[in-house]
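The values are calculated or read from the model by the stated rules, or taken from the named source; none is laboratory data. Only a predicted model underlies this, so the values are computations on that prediction, with no experimental measurement involved. Ideal geometry is used to build each Cβ from the backbone, glycine not excepted, and the neighbour counts take in all protein chains shown. Please note that ligands, DNA and RNA were not included when accessible areas were found on the heavy atoms of the full protein model with its side chains. Shrake-Rupley method; radii C 1.70, N 1.55, O 1.52, S 1.80 Å.
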Amino acid sequence: MLIIGSHVSFGQDQILGSLKEALSYNANTFMFYTGAPTNTLRKAINPKFTEEALTLMQENNIDINNVICHAPYIVNLGNKKDLDKYEFSINFIREELKRCDEMHITKMVLHPGNAVGISKQEGLDNIAEALNKILDGTTKCRILLETMAGKGSECGCNIDELSFIINKVNKQDQIGVCLDTCHLSDSGYDMSNFNAYLEEFKTKIDLNKIGCIHINDSKNPLGSHKDRHENIGIGCIGFTNLINIIYNEQLANIPKILETPYIGENDEDKERIYPPYRFEIAMILNKEFDPDFRNKIRTYYKK
Ligand code: FE
Ligand code: FE
Ligand code: ZN
């Protein structure tokens, strides 16, 4: 069975709220940030919400091992010119892994880091060194390094860079990769030839390292290095290519997570924006693109 879900929020009742939102999209998995992705203010995990969520997951046949946590994207393991910031990032990720353990989450997605002002190679070395400090065997959760679009000085925007980091990590069972289709296309991998990408991944890393796939269309053409996500089927990757990736049998058991933009951002009434996931998941399950899906979303949520 296809394991499909989306990014959801993490509100007052924490993972329980995330789960309920995911269920409203007919998803069988989900991904959340433990707070705002742009800051590092975090509340303690409340075991009451976790327990209730685990029961509700069981009732809905959702496997906690397919549920993903995403680390905030402002921590940076790539640069240690500001040593305090580097060490803060290391400690924050450690704490985040502990929070994952408390919620029984086994996979955490992490943007590897940015070199900013130093060479790519130094950035990659800093990241590997940081990961070895973080992964000391005290948590069960795996870190999945996300494939990046190559915006600015981002590290991890091709197979060679990710392979370099992964090879230097001591705790091999705790490190993996999260593919992002928008980022892959923006970084120059042609998603109409996804099997070629997987072949290279097999020879340089290992398909077993793939722990999650972010399914996004891209607002920009192949190799643009922009990182702007688009709704399924209306971007430069296109519906057919995304369906082929989602249903690729080599990745059948890997959770697929949508991070596509909300609908209505370009409407006159900008206050009213709607999540696209219920409808995108339906199109994915039908394997059929509905050219009118954005209007259907507006109608569905307006009533
Ligand atoms: Fe990400
Ligand atoms: Fe992503
Ligand atoms: Zn992105």
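Here are the numbers for this structure:
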| item | result |
| --- | --- |
| Residue among Lys98, Lys81 that is assigned to a loop (DSSP other than H, G, I, E, B) and more than 24 Å from Asn253 (Cβ to Cβ) | Lys81 |
| Check on Lys168, farther than 15 Å from Arg94 by Cβ and either in contact with a Gly (Cβ under 9 Å, 6 or more places away or on another chain) or not acidic (Asp, Glu) (or both) | yes |
| Residue in region 209-231 that is open to solvent by less than 20 Å² (accessible area, probe 1.4 Å), in a helix (DSSP H, G or I) and within 30 Å of Asn167 (Cα to Cα) present | no |
| Selection status of Phe239, at pLDDT 95 or above, open to solvent by less than 40 Å² (accessible area, probe 1.4 Å) and touching a Leu at 6+ places or on another chain (Cβ under 7 Å) | no |
| Enumeration of residues in region 129-158 that are within 22 Å of Glu95 (Cβ to Cβ) and either charged (D, E, K, R) or surrounded by fewer than 19 Cβ atoms within 10 Å (Cβ to Cβ) (or both) | Glu129, Asn132, Lys133, Asp136, Gly137, Thr138, Lys140, Arg142, Glu146 |
| Matching option when the condition is at pLDDT 95 or above and in contact with a helix residue (DSSP H, G or I) (Cβ under 8 Å, 6 or more places away or on another chain), among Asp217, Asp186 | Asp217 |
| Boolean, Asp13 is among the charged types (D, E, K, R), open to solvent by 40 Å² or more (accessible area, probe 1.4 Å) and touching a strand residue (DSSP E or B) at 6+ places or on another chain (Cβ under 8 Å) | no |
| Cβ pairs under 8 Å, 6+ apart, first in region 285-303 and touching a residue at least 40 places away in the same chain (Cβ under 8 Å) and within 16 Å of Glu230 (Cα to Cα), second basic (Lys, Arg) and assigned to a loop (DSSP other than H, G, I, E, B) | none |
| Region 246-264, residues that are surrounded by fewer than 21 Cβ atoms within 10 Å (Cβ to Cβ), within 16 Å of ligand 3 (Cβ to nearest atom) and not hydroxyl-bearing (Ser, Thr, Tyr) | Glu259, Pro261 |
| Yes/no for Thr29 being hydroxyl-bearing (Ser, Thr, Tyr) and open to solvent by less than 50 Å² (accessible area, probe 1.4 Å) | yes |
| Members of region 64-80 found to be open to solvent by 10 Å² or more (accessible area, probe 1.4 Å) and either at pLDDT 95 or above or within 22 Å of Asp136 (Cβ to Cβ) (or both), listed by number | Ile64, Asn65, Asn66, Val75, Asn76, Asn79, Lys80 |
| Residue in region 47-63 that is surrounded by 16 or more Cβ atoms within 10 Å (Cβ to Cβ), part of a loop (DSSP other than H, G, I, E, B) and in contact with an Asp or Glu (Cβ under 8 Å, 6 or more places away or on another chain) present | no |
| Cβ pairs under 9 Å, 6+ apart, first in region 82-97 and within 14 Å of Pro72 (Cα to Cα) and open to solvent by 10 Å² or more (accessible area, probe 1.4 Å), second part of a helix (DSSP H, G or I) and charged (D, E, K, R) | Arg94/Lys133 |
| Single residue of region 214-233 satisfying the filter (without any contact (Cβ under 8 Å) to a residue 40 or more places away in the chain and either under 18 Å from the mean Cα position of the chain (by Cα) or over 18 Å from Glu154 (Cα atoms) (or both)) that is nearest to ligand 2 (Cβ to nearest atom) | Ser218 |
| Subset of region 172-189 [in contact with a Gly (Cβ under 9 Å, 6 or more places away or on another chain), near ligand 2 (Cβ under 10 Å from one of its atoms) and in a strand (DSSP E or B)] | Cys178 |
| Residues (under 24 Å from Ile215 (Cα atoms), open to solvent by 10 Å² or more (accessible area, probe 1.4 Å) and at pLDDT 95 or above) located in region 32-46 | Tyr33 |
| Extreme residue, most open to solvent (accessible area, probe 1.4 Å), among residues of region 159-207 that are touching a His at 6+ places or on another chain (Cβ under 9 Å) and of a type in the set (S, T, N, Q) | Ser187 |
